[in-house]
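The values are calculated or read from the model by the stated rules, or taken from the named source; none is laboratory data. Everything numeric in this text was worked out from a predicted model, so none of it was measured. Here the Cβ positions follow ideal geometry from the backbone for every residue, glycine too, while neighbour counts run over all protein chains shown. Accessible surface areas use protein heavy atoms only, side chains included; no ligands, DNA or RNA. Shrake-Rupley method; radii C 1.70, N 1.55, O 1.52, S 1.80 Å.
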Amino acid sequence: IMEGCSKYCSFCVVPYTRGEEVSRPFADVLGEIAALAAQGVKEVTLLGQNVNAWRGEIGGAPADFAELLRYVAEIEGIERIRFLTSHPNYFEDDLIQAIAELPRVMPHIELPIQAGDDEVLVNMKRGYTQQQYRDLVAKIRECIPGCSIATDIIVGFPGETEEQFMETYRVL
């Protein structure tokens, strides 16, 4: 549903190889999923480097990823909706609420932390702290009981000390 990335994390080549984030238009996304459902597809996975950063227009009004999920969940024939990968900075309360309320959206979230040490996170240019990540996970677990959460972690980041690695280990 989107291509590219505009985050420029220090370890990542995506913005340089795939360009800035570009969201597919709402009508194109819904049309494609409706066509798949008409062919008998029961499950769709919405993809994007930072899928929850999707932005578009619905009926001429600005729309975000949570709204898109709500519309996809209304498509007849689609029984399961998955998405990946999410960026912690775009995981807003409305998205958590949408996942909690929509039974067709599978309660599984790919949410990379990358490192559990704040200095390493700054060096990675991730834009959040370990505590902000932990608070987000706690909120997800509170609002979506039984939700599975997967993460990505980079170990041996340039300059990472043993203590910084152990901080990531403790967070995990």
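General observations
- Out of Tyr16, Tyr71, sole residue that is open to solvent by 60 Å² or more (accessible area, probe 1.4 Å), without any contact (Cβ under 8 Å) to a residue 40 or more places away in the chain and out of contact with any Cys (no Cβ under 6 Å at 6 or more places or on another chain): Tyr16
- Of Glu92, Glu32, Glu21, Glu57, all but one fail to be without any contact (Cβ under 8 Å) to a residue 12 or more places away in the chain and either surrounded by 12 or more Cβ atoms within 10 Å (Cβ to Cβ) or of a type in the set (Phe, Trp, Tyr) (or both); the exception is Glu32.
- Here Arg82 fits the description: touching a His at 6+ places or on another chain (Cβ under 8 Å), basic (Lys, Arg) and touching a residue at least 24 places away in the same chain (Cβ under 8 Å).
- Pairs where the first residue, in region 1-12, is over 20 Å from Tyr128 (Cα atoms) and among the β-branched types (Val, Ile, Thr) and the second is in a loop (DSSP other than H, G, I, E, B) and open to solvent by 40 Å² or more (accessible area, probe 1.4 Å), C-beta under 8 Å, 6+ apart: Ile1/Arg24
- Summed over region 87-112, the residues that are aromatic (Phe, Trp, Tyr) and assigned to a strand (DSSP E or B) give a count of 0.
- Taking the criterion of being in a helix (DSSP H, G or I) and either touching a residue at least 40 places away in the same chain (Cβ under 8 Å) or open to solvent by less than 50 Å² (accessible area, probe 1.4 Å) (or both), the residues of region 114-135 that qualify are Glu119, Val120, Leu121, Asn123, Met124, Gln130, Gln132, Tyr133.
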